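Below is one structure, written out as structure tokens; comments come after it.
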Amino acid sequence: MWNTFADKLKLDSEIPRIMNEVFKFEKITKVQHIVINEFIKNEDVIVKSVTGSGKTLSYIIPMFQRLITYSKNNINYANNVLCLILLPSRELSMQVYENVMQFINNTSYKFTAQLLIGGKKVDDDISKIKETIPNIIIATPGRFIDIDDKEKLSFSELQLLILDEADRMLDMGFEVAVSQILSKLPKQRRTGLFSATVTSNVENIIKAGMRNPVFIDINV
């Protein structure tokens, strides 16, 4: 099923191979089928979906397709942050980072990623960033702001922003931090927002950070 789906959307051949051989997923979940189909069209998307629906891969797959296209167009992706994924907690951030690394470690493309979460020294994260600027950053908003306050990161080449579990993120008090981060990012990017509910705080972020988004309700 993944091969057929990938052919339909013209996904790079490495993506279905990784899904089949590494993740051992033969079938596509409802959220993956709908979201990948829209996100791959170069649209901003708002996805209302609960945790455990398979939504993580529904944005990781289009993300890697964008990175692969970037590489095939002979654009130098080294030392450029191309994708930023913001999440509300360390635990979820680590889970997403592990999925991202599954792709990176099993593809022929030399993409890089870095996890920015609390629990270790900010200076250690900064030292690692200085050594190799990652193509993909997975971070909690608080740690991201801590890093950026000390080491101004360049996002001039950013292609994709993901806000995962946005309602939970804002309920935890990160609205100011998320707004601050949005102000640093180029407007010519694609944005995916994933949330179990669309609260007034989430609507504010949608208005501030998205352009004519496609709304997808997986819960209906």
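The values are calculated or read from the model by the stated rules, or taken from the named source; none is laboratory data. This is a predicted model, so every value here is computed, not measured. Heads up, the Cβs are rebuilt from the backbone with ideal geometry, glycines too, and the neighbour counts pull from every protein chain shown. Each accessible area value is taken on the protein alone, full model and side chains, heavy atoms only, with ligands, DNA and RNA left out. Shrake-Rupley method; radii C 1.70, N 1.55, O 1.52, S 1.80 Å.
Some notes on this structure:
- Descending Cα extents along the principal axes, the chain, whole Å: 46, 40, 30
- Cut-off 18 Å (backbone N to label point 7 Å along Cα→Cβ of Lys30), residues of the range 167-201: 194-198
- Across every pair of non-identical alpha carbons in the range 17-137, the mean reciprocal distance, once inverted, gives a Kirkwood radius of 15.6 Å.
- Bins of 5 Å, starting at 0 and running to the largest distance - Cα pair percent for the range 24-85: 4, 16, 26, 22, 16, 10, 6, 1
- Value of Rg/Rh across the range 121-190 [Cα atoms, Kirkwood radius]: 0.95
- Heavy atoms of the protein chains alone define the surface here; on that basis the chain has 46 Å² accessible area per residue at 1.4 Å probe size.
- The chain, relative contact order [Cα under 8 Å, separation at least 6], %: 28
- Here the sum of -39500 (n - 2.57) over DSSP H runs of 4 or more residues, divided by the residues of the chain, equals -14500 deg cm²/dmol at 222 nm, to the nearest 500.
- Diffusion constant of the range 1-51 at 37 °C, which comes from Stokes-Einstein with the Kirkwood Cα-pair radius and 0.692 mPa s, µm²/s: 280
- Cα centroid separation, the range 161-213 to the range 67-144 (Å): 19
- Put a dot 7 Å past the Cα of Ser183, heading toward its Cβ, do the same for Lys121, and the two dots end up 3.1 nm apart.
- Rolled with a 1.4 Å probe across the full set of protein chains, the surface gives Tyr109 an accessible area near 40 Å².
- Pairwise Cα distances in the range 102-220 exceed 22 Å for 40 percent of all pairs.
- Virtual spin-label span in nm between Thr199 and Asn212, 7 Å along Cα→Cβ: 3.1
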